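Let me begin by presenting the structure, written as structure tokens, before commenting on it.
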Amino acid sequence: MYDIRCLTCHRIQDKGGTYAPNLTFAGSKIKMNWEGEFLQAPDIIRPLSQQMPKFNLTEDEAKAATEYLEKNLVFKDPLIDLYKDSPPTAEIIASGEKLFYEKGCNTCHAENITKGGGVVGPNLATVGDRLQPAYLVYHLKNPQQANPQGVEPNFGLSDEELKQLVGFLMDHVKKKEGK
């Protein structure tokens, strides 16, 4: 991480840049199998900003970086994983989709490759591949706590709404691209 100067753009605790996402808790946020692939071939997540350069990392270099993130950059207390024991049902996913549009999340986020949506926030088409479900709960419960520089509104979601919305977002994986 120091060789390619990640801290030029990223922040870890109180050190580094503020251009790219804060990595202080990346091990609790990002799915490491996704992160390893991303580090080798970065793709666009935030259409209007923060594009990561391609550093041509080898598989071993990407693995070393993800192992560091996973072991060292985590929350002290574990996050709540609503789906640790079983995946969301079709009913929960459908309720979450309805909630996504009712709350206007699509104003800032695209949620499907073909449906379009906003470009201010990250594209959520494959968020289920990228982020851990427990982090999604943490983020949606209080977006400003998760990202103090973010502009995402806090909708004051109930526990049931959190479960529905996280279930819907978890269903957004690569298989959905052709939908």
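The numbers here are math on the coordinates, done by the rules we state, and not lab data. Quantities reported herein were computed from a predicted structural model and do not represent experimental measurements. Cβ atoms come from the backbone with ideal geometry, glycine included; neighbour counts cover every protein chain shown.
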So I have [x] 46, 36, 30; [y] 53, 31, 31; [z] 51, 39, 36, and one of them is Cα extents along the principal axes in Å calculated from this model. Which one is it?
[x]
Residue 44 paired with residue 1, simple spin-label distance in nm, labels 7 Å along Cα-to-beta-carbon
2.8 nm
What FRET efficiency do you get for residue 119 and residue 173 if R0 is 22 Å and r is their Cβ-Cβ distance, rounded to the nearest 0.05?
0.60
What angle do you read, to the nearest 10 degrees and between 0 and 90, between the alpha-carbon axis of helix 159-170 and the longest principal axis of the chain?
60 degrees
Restricting segment 71-163 to chymotrypsin sites (Phe, Trp or Tyr not before Pro) in coil, as DSSP defines it, with at most 16 other Cβ within 10 Å
75, 83
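Shape of segment 6-72 from its Cα gyration tensor (a ≥ b ≥ c, root eigenvalues): rounded if a/c is under 1.5, otherwise prolate when a/b > b/c, or oblate? Show your work: numbers first, answer last.
On the way: a/c = 1.55, a/b = 1.08, b/c = 1.44.
The shape class here is oblate.
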For residue 174, list the lysines whose Cα falls under 19 Å from its own Cα; do not include residues on the same chain fewer than 8 positions away.
29, 31, 115
Among 155, 166, 112, which residue has its Cα furthest toward the positive end of the charge dipole of segment 90-178, with +1 on Lys/Arg Cβ and -1 on Asp/Glu Cβ?
112
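Loop-only check: which trypsin sites (Lys or Arg not before Pro) in segment 56-135 are DSSP coil with at most 12 other Cβ within 10 angstrom?
76, 84, 115
What is the dipole size for segment 49-161, taken about its Cα centre, with +1 at each Lys and Arg Cβ and -1 at each Asp and Glu Cβ, in debye to the nearest 20? Write down the numbers at each step before the final one.
Details: 10 positive and 17 negative charges, 69 e Å.
I would put it at about 320 debye.
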As I understand it, the value is the acute angle between the Cα axis of helix 59-72 and the longest principal axis of the Cα atoms of the chain; what does it come to in degrees, rounded to 10?
70 degrees
So if R0 is 35 Å, what FRET efficiency would residue 59 and residue 145 give, r being the distance between their Cβ atoms, rounded to the nearest 0.05?
0.50
State the Cα centre-to-centre distance between segment 64-101 and segment 1-31 in whole Å.
20 Å
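Suppose R0 equals 35 Å. What FRET efficiency, 1/(1 + (r/R0)^6) with r the Cβ-Cβ distance, do residue 8 and residue 101 give to the nearest 0.05?
It comes to 0.40.
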